[in-house]
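Novice: Have a look at this one before I ask anything.
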Amino acid sequence: MRNWRRRTTSASAAAVVIAALQIGATPASSQSDVYKAPRTADGKPNLNGIWQALNTANWDLQTHAARPGPVALGAVGAAPAGLGVVEGNEIPYLPEAAAKKKENFANRLTADPEIKCYLPGVPRATYMPYPFQIVQTPKHIMMAYEYAGAARTIFMDKAPASPADTWMGHSVGRFEGDTLVVDVTSFTDQTWLDRAGNFHSDALHVVERYTPRSADALTYSATIEDPKVFSRPWTISMPLYRRLEKNAQVLEFKCVEFAEELMYGHLRKQTNR
Amino acid sequence: MNHRCLTTLGGLISAMALLAPGFAAAQSNTNATTKAPSAASIVPRTPDGKPDLQGVWDFKTITPLERPRELGDKAFFTAEEAAAWEKDENRRQNRDLIDPETGGLNYPAGGVVPYNEFWYERGDKTIGSRRTSLIVDPPNGRLPPWTPEGKVKADARAVTGRETQLGRPKADSWEDRPLQERCIMGLNAGPPMTPGAYNNNVQLFQSPDTVVIFTEMVHDARIVPMDGRPFLNIPQWKGESRGRWDGDTLVVETKNFKRETSLPGSSASTHLIERFTRTDANTLLYEFTVTDPTTWTRPWTAVVPMTRSEDPIYEYACHEGNHALAGILAGARADEKAAQEAAKKGSK
């Protein structure tokens with residue numbers, strides 16, 4: 001337990017250093033240095049709203065060229081090329097895990113849990129190509145994702161112990177200045193990090209940081225630590241954008257029914273013709 | 001909330017669904033999880049002056065949706081009657097005391113009692129008002145008569161339900177199974193929320209322009225805009241909800257259901273009004289009115305008192321753990337195969 005705590009601390013320290021380096025790098029992110037978010041009634045940065053990533057992280061966290069998808073879907077199923085979101089573009093897999101990632105990649109068009117409409121886990125929920133809504137209250141922050149109706153509660157006040165391993169993790173949050181920092185633990189080993197087969201074990205520990213950078217954008221970063229799979233913590237970061245459409249709202253994407261034929265089709269009664 | 005089930009119990013869900021219209025009959029024990037904190041008739045308020053309804057609310061009770069027929073015109077129990085009824089009903093509901101050979105509760109003799117008592121977390125207490133049903137209107141505490149279309153569906157459901165209870169579920173495809181078994185809709189998650197076998201918990205969140213109704217069953221976060229925006233009129237499984245304040249009562253209007261609500265027999269034309277009123281620090285009065293002219297000959301209203309809970313909402317990853325649905329389908333295929341082989345043997 002004590003070791004775990006120490007690891008946590010060093011992971012977030014690393015994230016801070018990396019974030020600091022980044023801030024100097026581009027004029028856009030330097031805004032977050034000066035931007036001060038509007039406040040909620042209890043004086044916290046106001047993160048309420050509907051947000052969405054606008055990148056290809058859900059296809060592949062690392063820099064990648066465009067590539068084909070399932071034959072039947074032609075261009076529709078192809079993966080767009082994209083800039084990576086991993087700091088340094090390297091994911092530090094342990095040797096065995098690197099082999100597993102390779103295998104996952106080869107099988108990605110059948111093995112990705114997203115295909116079955118399974119809960120996406122964290123941080124993947126954040127950068128799926130669907131919006132999510134933050135509903136902020138003093139004691140709890142609700143994050144409601146459109147994909148699969150996934151949702152999670154971030155405990156800001158008294159956090160109970162996690163009762164069991166979960167798909168969406170056990171989230172405990174706090175504000176550091178304008179940044180919402182969320183410590184997420186208690187994961188299953190069943191979710192992937194993207195459609196390219198990047199994965200983790202049940203030892204996954206994620207520290208997320210949500211920092212307002214303008215009225216309509218947040219900087220999101222997640223430091224990922226998993227001693228069973230990675231040799232060191234590593235960090236992804238990206239902007240999240242506010243959905244500005246009039247009456248924007250998170251709609252229902254209950255995708256179970258879209259996965260049933262795939263999952264249970266072989267068990268359907270065969271009619272004799 | 002000790003042995004809250006974290007994975008799906010398709011069989012259980014199916015069994016519960018079959019109790020319709022007396023899915024009410026499946027309700028039983030409440031243990032109030034609340035240690036009453038402060039003395040509290042003062043309703044707390046959010047900074048914008050609205051009643052603060054936030055927190056986890058527990059809606060389990062043994063009081064049935066519909067008044068048991070044998071109670072006739074009796075709308076309320078005395079304290080003694082409530083205690084006696086509660087005791088009898090808890091015994092009647094106890095799955096461990098039902099012998100499948102002889103049947104009991106709603107289970108036919110020679111049928112299947114899919115889950116033992118361990119799996120249940122239904123209420124074991126009657127509601128505080130000692131009303132004999134959750135339905136307050138019609139005054140007889142019963143669902144209104146079916147429309148002709150509602151009757152046809154109810155009769156068909158009764159037949160398939162009985163077959164399932166006898167161990168012969170109709171399962172040519174997953175589409176023959178109820179939405180609860182497919183983890184698309186929660187048995188009791190609603191809208192509207194109705195006490196059921198387990199996961200009778202909901203958490204409310206309020207920001208200045210949004211309310212979220214987060215039910216434990218099938219992790220449904222129903223987002224309710226409070227800013228007066230129009231309906232989009234697109235069909236969704238849990239409909240489209242819009243909220244407003246009526247004095248100190250939160251009123252949520254929901255329509256545009258895709259197929260049915262979690263109420264057995266209901267149709268896509270359901271129009272639902274839910275009213276949430278915090279009557280004291282530990283009680284949220286939940287009242288709902290269902291108008292579904294396709295199914296019922298008149299609107300009806302139920303009142304469910306919810307009790308504040310200090311426990312968190314658990315993650316109920318229903319679809320992810322749904323081994324039961326594959327098992328039900330595979331079982332049906334195995335039965336067919338066995339029947340074919342038996343027929344072959346017989347013809348030789």
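The values are calculated or read from the model by the stated rules, or taken from the named source; none is laboratory data. Everything numeric in this text was worked out from a predicted model, so none of it was measured. Note that we place each Cβ from the backbone using ideal geometry, even for glycine, and neighbour counts take in every protein chain shown.
Novice: Tell me the strands (runs of 3 or more DSSP E) entirely within the range B:220-267 that contain at least 1 residues that are more than 14 Å from chain A (Cβ to nearest Cβ).
Specialist: Values: elements: B:220-225, B:240-246, B:249-255.
In the range B:220-267, the matching strands (runs of 3 or more DSSP E) lie at B:240-246, B:249-255.
Novice: Looking only at the range B:208-219, filter to residues that are over 19 Å from the mean Cα position of the chain (by Cα) and assigned to a loop (DSSP other than H, G, I, E, B); which one of those is nearest to A:E146 (Cα to Cα)?
Specialist: The qualifying residue nearest to A:E146 (Cα to Cα) is B:D209.
Novice: A further question follows. Can you tell me how many residues within the range B:60-106 are in contact (Cβ under 8 Å) with a residue 40 or more places away in the chain and in a strand (DSSP E or B)?
Specialist: Of the residues in that region, 1 qualify.
Novice: Within the group A:A203, A:A215, which residue is surrounded by 15 or more Cβ atoms within 10 Å (Cβ to Cβ), at pLDDT 95 or above and at negative phi? If you could, list the steps in order and put the result at the bottom.
Specialist: Values: A:A215 fails: surrounded by 15 or more Cβ atoms within 10 Å (Cβ to Cβ).
None of the other options fit; the residue is A:A203.
Novice: OK, next. Among the numbered criteria (1) more than 30 Å from A:P38 (Cβ to Cβ); (2) within 14 Å of the chain's Cα centre (by Cα); (3) more than 14 Å from chain B (Cβ to nearest Cβ), which single criterion is violated by A:T191?
Specialist: Tallying (1) more than 30 Å from A:P38 (Cβ to Cβ); (2) within 14 Å of the chain's Cα centre (by Cα); (3) more than 14 Å from chain B (Cβ to nearest Cβ), A:T191 fails exactly one: (3).
Novice: Has the range B:182-192 got any residue that is among the β-branched types (V, I, T) and facing chain A (nearest Cβ under 8 Å)? Steps first, please.
Specialist: Applying the first criterion (among the β-branched types (V, I, T)) to the range B:182-192 yields B:184.
Next cut, facing chain A (nearest Cβ under 8 Å) only: B:184.
Within the range B:182-192 (the criterion being among the β-branched types (V, I, T) and facing chain A (nearest Cβ under 8 Å)), the answer is yes, since at least one residue qualifies.
Novice: Would you mention how many residues in the range A:204-216 are under 12 Å from A:P38 (Cα atoms) and not in a strand (DSSP E or B)?
Specialist: Qualifying residue count for the region: 2.
Novice: May I pose another question? Of A:P239, A:P227, which residue is closer than 18 Å to A:N58 by Cβ and either crowded, with 16+ Cβ neighbours inside 10 Å or not basic (K, R) (or both)?
Specialist: Values: A:P227 fails: closer than 18 Å to A:N58 by Cβ.
Testing whether each residue is closer than 18 Å to A:N58 by Cβ and either crowded, with 16+ Cβ neighbours inside 10 Å or not basic (K, R) (or both) leaves just A:P239.
Novice: Here's a follow-up. For the range A:169-198, which positions are assigned to a loop (DSSP other than H, G, I, E, B) and either acidic (D, E) or out of contact with any His (no Cβ under 8 Å at 6 or more places or on another chain) (or both)?
Specialist: Pass one, the range A:169-198, residues assigned to a loop (DSSP other than H, G, I, E, B): A:169, A:177-178, A:186, A:188-191, A:193-198.
Within the range A:169-198, A:G169, A:G177, A:D178, A:T188, A:D189, A:Q190, A:D194, A:R195, A:G197, A:N198 qualify.
Novice: Looking at B:G321, is it of a type outside the set (K, R), surrounded by fewer than 21 Cβ atoms within 10 Å (Cβ to Cβ) and in a helix (DSSP H, G or I)?
Specialist: Answer is no for this residue.
Per-residue answers, yes or no, for (1) under 17 Å from the mean Cα position of the chain (by Cα); (2) surrounded by 12 or more Cβ atoms within 10 Å (Cβ to Cβ):
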| site | (1), (2) |
| --- | --- |
| A:V71 | no, no |
| A:A78 | no, yes |
| A:A81 | no, yes |
| A:V85 | yes, yes |
| A:K100 | no, yes |
| A:A106 | no, no |
| A:Y118 | yes, yes |
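Novice: For the range B:193-211, enumerate the residues that are within 11 Å of chain A (Cβ to nearest Cβ) and among the hydroxyl-bearing types (S, T, Y).
Specialist: Scanning the range B:193-211 gives B:S207, B:T210.
Novice: Pick from the range A:135-147 the residues that are more than 8 Å from chain B (Cβ to nearest Cβ) and within 14 Å of the chain's Cα centre (by Cα): which of them is nearest to B:G55 (Cα to Cα)? Even if it seems obvious, please write down each step before you answer.
Specialist: In the first step, residues of the range A:135-147 are kept if they are more than 8 Å from chain B (Cβ to nearest Cβ); the result is A:138, A:141, A:143, A:145-147.
This time we only want the ones that are within 14 Å of the chain's Cα centre (by Cα), so: A:143, A:145-147.
Numbers: A:M143: 15, A:Y145: 20, A:E146: 23, A:Y147: 25 Å.
My answer is A:M143.
Novice: Looking only at the range A:156-180, count how many residues are crowded, with 19+ Cβ neighbours inside 10 Å and under 19 Å from the mean Cα position of the chain (by Cα).
Specialist: Looking only at that region, the number is 9.
Novice: Could you check B:W57 against (1) at pLDDT 95 or above; (2) under 19 Å from the mean Cα position of the chain (by Cα); (3) assigned to a loop (DSSP other than H, G, I, E, B); (4) of a type in the set (A, V, I, L, M, F, W, C) and say which number it fails?
Specialist: If we test B:W57 against (1) at pLDDT 95 or above; (2) under 19 Å from the mean Cα position of the chain (by Cα); (3) assigned to a loop (DSSP other than H, G, I, E, B); (4) of a type in the set (A, V, I, L, M, F, W, C), just (3) comes out false.
Novice: Report the residue count in the range B:117-133 for those that are acidic (D, E) and buried (at least 19 other Cβ atoms within 10 Å of the Cβ).
Specialist: 2
Results for (1) within 14 Å of chain A (Cβ to nearest Cβ); (2) among the charged types (D, E, K, R), shown as yes or no for each residue.
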| position | (1), (2) |
| --- | --- |
| B:N116 | no, no |
| B:Y120 | no, no |
| B:K125 | no, yes |
| B:S129 | no, no |
| B:L134 | no, no |
| B:P145 | no, no |
| B:A156 | no, no |
| B:V159 | no, no |
| B:P169 | yes, no |
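Novice: Out of B:T270, B:T261, I need the residue that is at pLDDT 95 or above and polar (S, T, N, Q). Which one? Walk me through it before giving the result.
Specialist: Details: B:T261 fails: at pLDDT 95 or above.
Answer to the selection: B:T270.
Novice: Whether any residue in the range A:22-32 is at pLDDT below 50 and part of a loop (DSSP other than H, G, I, E, B) is what I want to check.
Specialist: Residues of the range A:22-32 at pLDDT below 50: A:22-32.
From the residues that got through so far, the ones that are part of a loop (DSSP other than H, G, I, E, B) too are A:26.
Yes, there is a match, as at least one residue in the range A:22-32 is at pLDDT below 50 and part of a loop (DSSP other than H, G, I, E, B).
Novice: In contact with a His (Cβ under 7 Å, 6 or more places away or on another chain), within 11 Å of chain A (Cβ to nearest Cβ) and within 30 Å of B:L250 (Cα to Cα): does that describe B:F214? Even if it seems obvious, please write down each step before you answer.
Specialist: Details: in contact with a His (Cβ under 7 Å, 6 or more places away or on another chain): no; within 11 Å of chain A (Cβ to nearest Cβ): yes; within 30 Å of B:L250 (Cα to Cα): yes.
Against the criterion (in contact with a His (Cβ under 7 Å, 6 or more places away or on another chain), within 11 Å of chain A (Cβ to nearest Cβ) and within 30 Å of B:L250 (Cα to Cα)), B:F214 does not qualify.
Novice: I've got another one for you. Among A:S201, A:S237, which is hydroxyl-bearing (S, T, Y) and either within 13 Å of chain B (Cβ to nearest Cβ) or in a strand (DSSP E or B) (or both)? Outline the logic, then answer.
Specialist: Details: A:S201 fails: either within 13 Å of chain B (Cβ to nearest Cβ) or in a strand (DSSP E or B) (or both).
Matching residue, one of A:S201, A:S237: A:S237.
Novice: Same structure again: Within the range B:294-311, identify whether any single residue is within 13 Å of another protein chain (Cβ to nearest Cβ), at pLDDT 95 or above, surrounded by 17 or more Cβ atoms within 10 Å (Cβ to Cβ) and touching an Asp or Glu at 6+ places or on another chain (Cβ under 7 Å), and answer yes or no.
Specialist: Yes, some residue in the range B:294-311 is within 13 Å of another protein chain (Cβ to nearest Cβ), at pLDDT 95 or above, surrounded by 17 or more Cβ atoms within 10 Å (Cβ to Cβ) and touching an Asp or Glu at 6+ places or on another chain (Cβ under 7 Å).
Novice: Residue check, A:T153 against (1) within 9 Å of chain B (Cβ to nearest Cβ); (2) within 14 Å of A:G121 (Cβ to Cβ); (3) free of Cβ contacts under 8 Å to residues at least 40 places away in the same chain, all met but one. Which one?
Specialist: (2)
Novice: Looking only at the range B:268-287, count how many residues are surrounded by fewer than 17 Cβ atoms within 10 Å (Cβ to Cβ) and in a loop (DSSP other than H, G, I, E, B).
Specialist: Selection size over the range B:268-287: 2.
Novice: Looking only at the range A:122-134, decide whether some residue is of a type outside the set (S, T, N, Q), free of Cβ contacts under 8 Å to residues at least 40 places away in the same chain and within 11 Å of chain B (Cβ to nearest Cβ). Break it down into steps so the answer makes sense when it comes.
Specialist: Initial filter on the range A:122-134 (of a type outside the set (S, T, N, Q)): A:122-125, A:127-132, A:134.
Checking which are free of Cβ contacts under 8 Å to residues at least 40 places away in the same chain leaves us with none.
Within the range A:122-134 (the criterion being of a type outside the set (S, T, N, Q), free of Cβ contacts under 8 Å to residues at least 40 places away in the same chain and within 11 Å of chain B (Cβ to nearest Cβ)), the answer is no, since none of the residues qualifies.
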